[in-house]
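Have a look at this one before I ask anything.
Values quoted throughout were computed directly from the atomic coordinates according to the rules given, and no laboratory measurement underlies them. The structure presented is a predicted model; accordingly, all values stated were derived computationally and were not measured. Here the Cβ positions follow ideal geometry from the backbone for every residue, glycine too, while neighbour counts run over all protein chains shown.
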Amino acid sequence: MGKNPDALIINNSSKHPNIRASWSALLLILFAFLVVGCSRAPIYLQFDQTKQSRSHDPSPPSQKTCAVIIQAVEDKRELKDILGIVGWRTVYADNFPEWVIHQIKMLDSFGYAVNVQSTDNNPGVNCLNLSVVIRTAYIRTFSASIAATVVAEVSYSRDMQLLGKKMYRGNKTKVNWNSSENEVNGIFSEVFAQILKSISNDLAQYC
Amino acid sequence: MDSLKVLYGIVFFACLVFFCSCSSKKSYVMNASALKEVKTVDLCIVLAQQEIFAEIKQSNITQYTLGGAIPAIIDASIDHHRAKDSENSIQPIRNALVDYDFGKHLAGKIQAELNLVNTIKSDKVTFTNNIKKEGYKKEFAESCAQAVLFVSPNYYLSPDFKILKITGGIKLFPTSMGSAFDPTDDNQCVYKDSFSYQESAENSVSSKESAVGYWSDNSGEHMRQALDQASADIAKKIALNLNQ
């Protein structure tokens, strides 16, 4: 009776401060989500240790007999400027060979001791040498999906003797939520995890 | 009677306009005098994709149900499922073409044709996969020629994998405009064109699986032949237009 409706609303919300706070938080999250989703800032491939180990899901590490030496990683991609464009964001990987070395080192979670060849550490007699050639690496978005691909050719050798050569392809298609840096890094880690799993299976026959 | 004459007159005039517009050859040369000045051309292939992909048939439940969040979510999930399926199915074709570089083949053909044009010399070829303005600007800034010819192709399969499509655009920009260069401003280019080719395997295949086999067998022989043919046709088209 003659009550101001605005006053009624104010009174109601003051009675439920938690509801008001929840709505504010929800709006803030939605806004943050939209801002990240509309970002045009470039994305760089990162060496995120925790993320990679999480996505590998390796078998329990048991030390294998042979040590693996990464002899060389050669980037033979024709188009190296960028990895792709995700939403409005350009994905750069200026350090892609280093990123690949970093990923291959994760073979230690499959039980292999992995080192990079340098002038200080000459390969031992029983060491298995890996030479990697990167053929393709890219990411693309289409419709509501995001897909990444890496193709690498790996040569296995011991004591200067070529034991085998194989092409590995990793490919993953996921839902593209907000074209974020985490999503891009996560999908590339998962793609390379597929390659690592295949390499670890093949290593068993050479070790 | 007079009104009938007027009507005949209008119909005749309309037919005249229609036939004249249809018979005239559409010119893609935007600036003929500037084009005549161009003696050296750098070729830049702007290729966003590194491997072939397939189109996705978009789900349109939202359209039929007149909008709403739930149909949109259903559409998104159907599209994602189709995308995942397509990416998995296309792997044998990608493996068969792993050593085939479409950009390089296209560039080789274009450069050979350009050098047959008496007035133009093309020595330098560059490649970029950065389709944003910055990608074009970088290549443009590094050019020492009088003009840069940007060719931006796409090659992909239809959703059922039966048709190979090669589409794209061609733009020739004079380097004299320097820092004012804007790849999106068509008024700046002296020659602009587009291309669209299709190679169908519909007579040879009955299903998506057999189409995968058709394109990937013998190290992707059919696919390589089709892409090579399209490259040759694109190159001839460019040379013909620049030789006017």
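Looking at (1) surrounded by fewer than 16 Cβ atoms within 10 Å (Cβ to Cβ); (2) within 21 Å of the chain's Cα centre (by Cα); (3) closer than 19 Å to residue B:93 by Cα, which one does residue B:185 not meet, given that it meets all the others?
(3)
Check residue B:171 against each of (1) closer than 15 Å to residue B:47 by Cβ; (2) within 12 Å of another protein chain (Cβ to nearest Cβ); (3) free of Cβ contacts under 8 Å to residues at least 24 places away in the same chain and name the one condition it does not meet.
Status for residue B:171: all satisfied but (2).
Hey, residue B:206 hits all of (1) within 22 Å of residue B:83 (Cα to Cα); (2) surrounded by 16 or more Cβ atoms within 10 Å (Cβ to Cβ) but one; which does it fall short on?
(2)
Can you find a residue in the stretch B:116-124 that is of a type in the set (A, V, I, L, M) and free of Cβ contacts under 8 Å to residues at least 40 places away in the same chain?
Within the stretch B:116-124, the first condition is being of a type in the set (A, V, I, L, M), and the residues that meet it are B:116-117, B:120.
Next cut, free of Cβ contacts under 8 Å to residues at least 40 places away in the same chain only: none.
Taking every residue of the stretch B:116-124 in turn, none turns out to be of a type in the set (A, V, I, L, M) and free of Cβ contacts under 8 Å to residues at least 40 places away in the same chain.
Right, another one. Scan the stretch B:40-78 residue by residue and report those that are more than 14 Å from chain A (Cβ to nearest Cβ) and in contact (Cβ under 8 Å) with a residue 60 or more places away in the chain.
B:40, B:41, B:42, B:43 - these are the residues of the stretch B:40-78 that are more than 14 Å from chain A (Cβ to nearest Cβ) and in contact (Cβ under 8 Å) with a residue 60 or more places away in the chain.
For the stretch B:141-155, which residues satisfy the criterion of being free of Cβ contacts under 8 Å to residues at least 60 places away in the same chain and either hydrophobic (A, V, I, L, M, F, W, C) or within 15 Å of residue B:170 (Cα to Cα) (or both)?
Just the residues of the stretch B:141-155 that are free of Cβ contacts under 8 Å to residues at least 60 places away in the same chain, to begin with: B:141-142.
Residue satisfying the conditions is B:141 alone.
Matching residues to (1) surrounded by fewer than 17 Cβ atoms within 10 Å (Cβ to Cβ); (2) of a type in the set (Asp, Glu); (3) part of a loop (DSSP other than H, G, I, E, B):
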| position | (1), (2), (3) |
| --- | --- |
| B:94 | no, no, no |
| B:104 | yes, no, no |
| B:111 | no, no, no |
| B:118 | yes, no, yes |
| B:127 | no, no, no |
| B:130 | no, no, yes |
| B:143 | no, no, yes |
| B:152 | no, no, no |
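Another one. Do we find a residue being assigned to a helix (DSSP H, G or I), within 8 Å of chain A (Cβ to nearest Cβ) and over 22 Å from the mean Cα position of the chain (by Cα) anywhere in the stretch B:26-39? First the steps, then the outcome.
The initial filter retains those residues of the stretch B:26-39 that are assigned to a helix (DSSP H, G or I), namely B:32-37.
From the residues that got through so far, the ones that are within 8 Å of chain A (Cβ to nearest Cβ) too are none.
No, the stretch B:26-39 contains no residue that is assigned to a helix (DSSP H, G or I), within 8 Å of chain A (Cβ to nearest Cβ) and over 22 Å from the mean Cα position of the chain (by Cα).
Would you pick out the residues in the stretch B:79-94 that are hydrophobic (A, V, I, L, M, F, W, C) and either more than 9 Å from chain A (Cβ to nearest Cβ) or on the phi > 0 side of the Ramachandran plot (or both)?
As a first pass, look at the stretch B:79-94 and keep what is hydrophobic (A, V, I, L, M, F, W, C): B:83, B:90, B:93.
Hits for the stretch B:79-94 are B:90, B:93.
Can you find a residue that is among the basic types (Lys, Arg) and either assigned to a strand (DSSP E or B) or closer than 16 Å to residue B:43 by Cα (or both) anywhere in the stretch B:198-209? Show your work before the answer.
If we filter the stretch B:198-209 for residues that are among the basic types (Lys, Arg), which is where we start, we get B:208.
Narrowing further to those that are either assigned to a strand (DSSP E or B) or closer than 16 Å to residue B:43 by Cα (or both): none.
Within the stretch B:198-209 (the criterion being among the basic types (Lys, Arg) and either assigned to a strand (DSSP E or B) or closer than 16 Å to residue B:43 by Cα (or both)), the answer is no, since none of the residues qualifies.
Please enumerate the residues belonging to the stretch A:69-101 that are in a loop (DSSP other than H, G, I, E, B) and within 8 Å of chain B (Cβ to nearest Cβ). Break it down into steps so the answer makes sense when it comes.
The initial filter retains those residues of the stretch A:69-101 that are in a loop (DSSP other than H, G, I, E, B), namely A:76-83, A:87-88, A:93-95.
The answer is A:77, A:78, A:79, A:81, A:82.
OK, next. Go over the candidates B:139, B:134 one by one and state the one that is within 13 Å of another protein chain (Cβ to nearest Cβ) and either crowded, with 17+ Cβ neighbours inside 10 Å or in contact with a strand residue (DSSP E or B) (Cβ under 7 Å, 6 or more places away or on another chain) (or both). Full working, then the answer.
Numbers: B:134 fails: either crowded, with 17+ Cβ neighbours inside 10 Å or in contact with a strand residue (DSSP E or B) (Cβ under 7 Å, 6 or more places away or on another chain) (or both).
None of the other options fit; the residue is B:139.
Among the residues of the stretch B:95-103, are any of a type in the set (Gly, Ala, Ser) and within 12 Å of another protein chain (Cβ to nearest Cβ)?
yes
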